[in-house]
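Report on one structure; see the data block that follows.
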Amino acid sequence: MLFANRSACYAGLAEKEWKPREKVLLWAKALGEAEKTTALDASWAKGYLRVATAQFELVSSTKKWEERKAEDLKWKHERQATDAVKAATSGGGVAAAAAGAGAFSDEEEEPAEVESEKARTERIAAMEAELKAMPMTPRDDPAGAAPAGYTDITKGLNEATAPGYDDSLPDEKIDDPYWKEGDKDDAPLPAELGALVSAATHAACEAACRAGLALDPASVPLREALQKLRDAGHSTDVAADKSLCDPTAAESLKADGNAKFQAKNFKNAVVAYGQALAFDPCNHVLYSNRSACYAELGDDEANKCLADAERCVLLDPTFTKGYSRKGFALYQLGRYVEAEACAEAGLKLDGTVPVRTQAILTAPGLF
């Protein structure tokens, strides 16, 4: 239980952390504590939920960290190239000046005007006069009288003698054996945590979910963790998915999603359909409905709209509405040739042309 609680604490810190490397470190620590939990008690389903959550988030945060490092490396090379060009141009400018050209290149700036000694002396004198004119507090001038109403809250306190003061107390982060002064975003991870990061995969996350669900098949958090994996593009075990299907529970959540969709509450409808999928992941209609929600949410959600439509078609290649969803998503993404091909594939199954499919086929520039 204590290891599980420590894992939850590290997870909470990781969720608030914005630095990529620190986020990876915290999720790795969360995973390490969670694995200690299952090692001590393999019969506690919640321990596997901790493992699955940390595994999933560690994979995601590690990917983002690698992307950040790649971007930083790219920027570093660009800066080096720019500096090299400036250095070469500056060298040419000096040579030209020595030859009497006296002109500055586009990459150079004219030198700033040098301040004269007289101007500098006058500026410093003016600053000193301004400082002398400022009123002094007893802290600035112990011999001076305190202004009316002034209270020196530091009177009688001395850091070296104040009760409880300990100059040897370290910074909070120094107590952490995995943290050291000077860590940078591209610094290698400590060996123990690096091993956890290297071993973290979506397959390991699925295994943790399955182990937990074997103990508690009704666990909603574990079912939702599995659905997050599917939504992330991981292909879960279809046979195991079918064995966990609960159409009755899924149907009530689907009805909730339908009501929210009709009310044009598309974001909450997405959540409801996602919850339904956690109980019936093989239901192609749920993916179709959620794809429709993403379509209504605009171009920013076009990739999710496409992913759900593709999953819908994969689960039931005869469901013509799935092709309509997919074709519209491709159209939103500007992939017009693929959108046309998808619409044509749907029409081969059913000559009835949905409104959106018709819009795709008649869009300008397709023919």
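Values computed for the structure shown
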read-out	value
Region 245-361 - Debye-derived log10 I(q)/I(0), Cα point model, q = 0.24 Å⁻¹	-1.28
Spatially proximal lysines relative to residue 86 (Cα-Cα < 20 Å; intrachain offsets below 8 disregarded)	74, 76
Two-site FRET efficiency, residue 214 against residue 83, from Cβ-Cβ distance with R₀ of 35 Å, rounded to 0.05	0.05
Largest-first principal axis extents, alpha carbons of region 243-301, Å	36, 19, 14
Cut-off 13 Å between beta-carbons: net charge of the residues surrounding residue 335, Lys and Arg +1, Asp and Glu -1	-3
Average Cα contact separation per residue, region 245-361, under 8 Å, 6 or more apart, as relative contact order %	18
Neighbour-count ranking [beta-carbon atoms within 10 angstrom, fewest first] of 252, 61	252, 61
Trypsin sites (Lys or Arg not before Pro) restricted to region 206-269 and DSSP loop, no more than 16 other C-beta within 10 Å	264
Long pairs among 63/228; 16/36; 16/304; 304/326; 16/267; 19/64, criterion Cα-Cα beyond 18 Å	16/36; 16/304; 16/267
Chymotrypsin sites (Phe, Trp or Tyr not before Pro) within region 1-72: DSSP coil, no more than 14 neighbouring Cβ in 10 Å	18
For residue 216, residues with placed amide H under 5 Å, excluding near neighbours	none
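Coordinate-derived values only; no laboratory data. Bear in mind that the values here come from a model prediction, so they are computed numbers and not experimental data. No Cβ is skipped: glycine too gets one built from the backbone with ideal geometry, and neighbour counts run over all protein chains shown.
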